[in-house]
Structure formats: structure tokens, C-alpha cells
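**Q** Before anything else, here's the structure in question.
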Amino acid sequence: MEKLPTQDDSPWQTHNTRSVYDNAWIAISESQVTTPAGTPGIYGVVHFKNRAVGVIPVDDEGYTYLVGQYRYTLASYEWEIPAGGCPEGESPEETARRELQEETGLIASQLTPLLDGMALSNSVSDERAYVFLAEGLSQEQAAPEETEDLQIIRIPLQEAIDRVLSGEITDSMSVAGLLRVALDHRSP
């Protein structure tokens with residue numbers, strides 16, 4: 001069996017790294033490198049200060065809840081699973097419960113991990129995502145953040161999966177999470 005490369009086997013050589021930008025959510029660095037081809041180059045990395053956490057709530061009738069909001073970066077309105085940032089000192093599970101309640105008002109008695117540390121854009125970013133299935137739901141009052149202007153829809157879980165398959169839902173955590181649920185719940 002052939003030995004697989006490890007982190008210590010990196011074909012990249014880093015000579016120096018400098019901070020280019022830093023705010024409360026991200027830090028951008030630029031490194032002077034020697035590429036795997038042996039040529040000089042630069043590499044920019046976006047470091048996320050929070051981990052990404054998403055939640056797929058499924059109620060007893062087989063419905064899920066999607067969050068609609070305008071995404072500044074894409075200049076478009078997007079439908080997604082409830083999601084948010086997991087700050088240092090908070091577990092992804094705690095963030096999942098908090099974001100679910102803030103964005104939809106839902107409280108889950110049970111969370112099941114679906115995706116654990118998925119790389120969201122590994123060519124430019126170190127951002128990792130965690131997605132949970134939320135069940136045993138009860139309704140409370142939503143409390144979105146002041147920067148969030150959200151719409152919530154309750155639709156059959158299969159319709160949400162169909163929206164992924166048709167390309168209507170494009171958010172990577174939503175796509176990966178909903179497809180994982182579809183695979184986990186398919187008939188043998």
C-alpha cells in the first residue's frame with residue numbers, strides 16, 4: 001500500500017507571512033512561498049475567527065425550516081438552513097442550539113451531528129463547518145441579530161432537498177447538510 005502524504009510532507013515552503021487585514025470576524029494573511037513547482041509565489045489565506053455551524057430542524061411531521069435573507073457578498077436573496085458563527089469558548093452544539101432559537105424560535109430536545117469540520121473553501125480559507133440535525137422541536141420566540149432581516153419558511157424536508165437538487169439552494173452548508181440527511185434517510 002502506498003503511503004499517503006501527511007501535513008509534514010507539504011510541497012509548499014513558507015518563507016514569511018504578514019497580516020494584510022484583521023477585523024472581529026476574519027483575518028487575512030499573505031505568505032511569500034515557494035510553490036510545489038519550485039517557483040516563488042504568494043498565497044493569501046482568509047482565517048475565520050468563528051467556526052460555521054448549521055442546523056437542519058425536522059419536526060414530527062417531516063417538515064424543515066429554511067431561513068431567507070439577502071446575502072451582501074452574493075448580491076442576492078438566498079434560502080439556507082439556520083446557521084451562524086461559533087465563537088471561541090462555545091461548542092458547535094451550543095452554537096447550533098443558540099442559532100436555531102435566535103433565527104427560528106425553535107428549541108430542539110435532540111441534536112445529532114451530521115457534518116463535523118467540513119472545509120468550506122479550502123483553497124483560500126481555513127473555515128470549518130459543523131452541521132446538526134435538530135429534532136424534538138418546540139416553538140419559542142425568535143430573536144435574530146440586528147444585522148439579520150430574516151424570513152422563515154416551513155416546508156416538507158423533501159422539498160428542501162429538491163431545492164438543493166434543482167440548484168435553488170446553493171449555500172454550501174445547506175447543500176451538504178440536506179444531502180447528508182437525504183442519504184441518511186433513503187430506503188435500502
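The values are calculated or read from the model by the stated rules, or taken from the named source; none is laboratory data. What you see is a predicted model; the values in this text were computed from it and never measured. Quick reminder, even Gly has a Cβ in these numbers, built from the backbone with ideal geometry, and neighbours come from all protein chains shown.
**Q** Taking the stretch 137-150 on its own, how many of its residues are among the small types (Gly, Ala, Ser) and either modelled with pLDDT under 85 or surrounded by 14 or more Cβ atoms within 10 Å (Cβ to Cβ) (or both)?
**A** We begin by selecting, within the stretch 137-150, every residue among the small types (Gly, Ala, Ser); these are 138, 142-143.
If we keep only those that are either modelled with pLDDT under 85 or surrounded by 14 or more Cβ atoms within 10 Å (Cβ to Cβ) (or both) as well, we get 142-143.
Summing the residues that are among the small types (Gly, Ala, Ser) and either modelled with pLDDT under 85 or surrounded by 14 or more Cβ atoms within 10 Å (Cβ to Cβ) (or both) in the stretch 137-150 gives 2.
**Q** A follow-up question, please. Can you work out which of the residues in the stretch 103-120 that are more than 22 Å from Glu61 (Cα to Cα) and touching a residue at least 12 places away in the same chain (Cβ under 8 Å) is surrounded by the fewest Cβ atoms within 10 Å (Cβ to Cβ)? Write out each step before concluding.
**A** Residues of the stretch 103-120 more than 22 Å from Glu61 (Cα to Cα): 115-120.
After this cut, where a residue has to be touching a residue at least 12 places away in the same chain (Cβ under 8 Å) as well, the list is 115-118, 120.
Working: Leu115: 16, Asp116: 11, Gly117: 9, Met118: 19, Leu120: 16.
Filtering the stretch 103-120 for residues that are more than 22 Å from Glu61 (Cα to Cα) and touching a residue at least 12 places away in the same chain (Cβ under 8 Å), the one surrounded by the fewest Cβ atoms within 10 Å (Cβ to Cβ) comes out as Gly117.
**Q** Next up: Out of the residues in the stretch 11-39 that are under 21 Å from Asn50 (Cβ atoms), surrounded by fewer than 11 Cβ atoms within 10 Å (Cβ to Cβ) and at pLDDT 95 or above, which is farthest from the chain's Cα centre (by Cα)?
**A** Per the criteria, the residue is Ser19.
**Q** With a cut-off of at least 1 residues that are within 21 Å of Ile107 (Cβ to Cβ) and not hydrophobic (A, V, I, L, M, F, W, C), name the strands (runs of 3 or more DSSP E) lying wholly within the stretch 20-87.
**A** The strands (runs of 3 or more DSSP E) meeting that bar are 51-57, 63-71, 76-80, 83-86.
**Q** Please work out if Glu80 is modelled with pLDDT of 95 or more and in contact with a helix residue (DSSP H, G or I) (Cβ under 6 Å, 6 or more places away or on another chain). Give the steps one after another, and end with the answer.
**A** On the way: modelled with pLDDT of 95 or more: yes; in contact with a helix residue (DSSP H, G or I) (Cβ under 6 Å, 6 or more places away or on another chain): yes.
When the stated conditions are applied, Glu80 passes them.
**Q** So if I check each of Ile169, Ile153, which one is closer than 24 Å to Tyr72 by Cα, in a strand (DSSP E or B) and at pLDDT 95 or above? So that I can check it myself, show each step before the final result.
**A** Numbers: Ile169 fails: in a strand (DSSP E or B).
None of the other options fit; the residue is Ile153.
**Q** Specify which of the listed residues (Tyr43, Tyr70, Tyr63) is touching a residue at least 24 places away in the same chain (Cβ under 8 Å), touching a Phe, Trp or Tyr at 6+ places or on another chain (Cβ under 8 Å) and either acidic (Asp, Glu) or within 19 Å of Arg163 (Cβ to Cβ) (or both). Write out each step before concluding.
**A** Details: Tyr43 fails: either acidic (Asp, Glu) or within 19 Å of Arg163 (Cβ to Cβ) (or both); Tyr63 fails: touching a Phe, Trp or Tyr at 6+ places or on another chain (Cβ under 8 Å).
Testing whether each residue is touching a residue at least 24 places away in the same chain (Cβ under 8 Å), touching a Phe, Trp or Tyr at 6+ places or on another chain (Cβ under 8 Å) and either acidic (Asp, Glu) or within 19 Å of Arg163 (Cβ to Cβ) (or both) leaves just Tyr70.
**Q** Please pick out the residue among Thr170, Thr95 that is hydroxyl-bearing (Ser, Thr, Tyr), more than 12 Å from Tyr65 (Cβ to Cβ), in contact (Cβ under 8 Å) with a residue 40 or more places away in the chain and touching a Cys at 6+ places or on another chain (Cβ under 9 Å).
**A** Answer to the check: Thr95.
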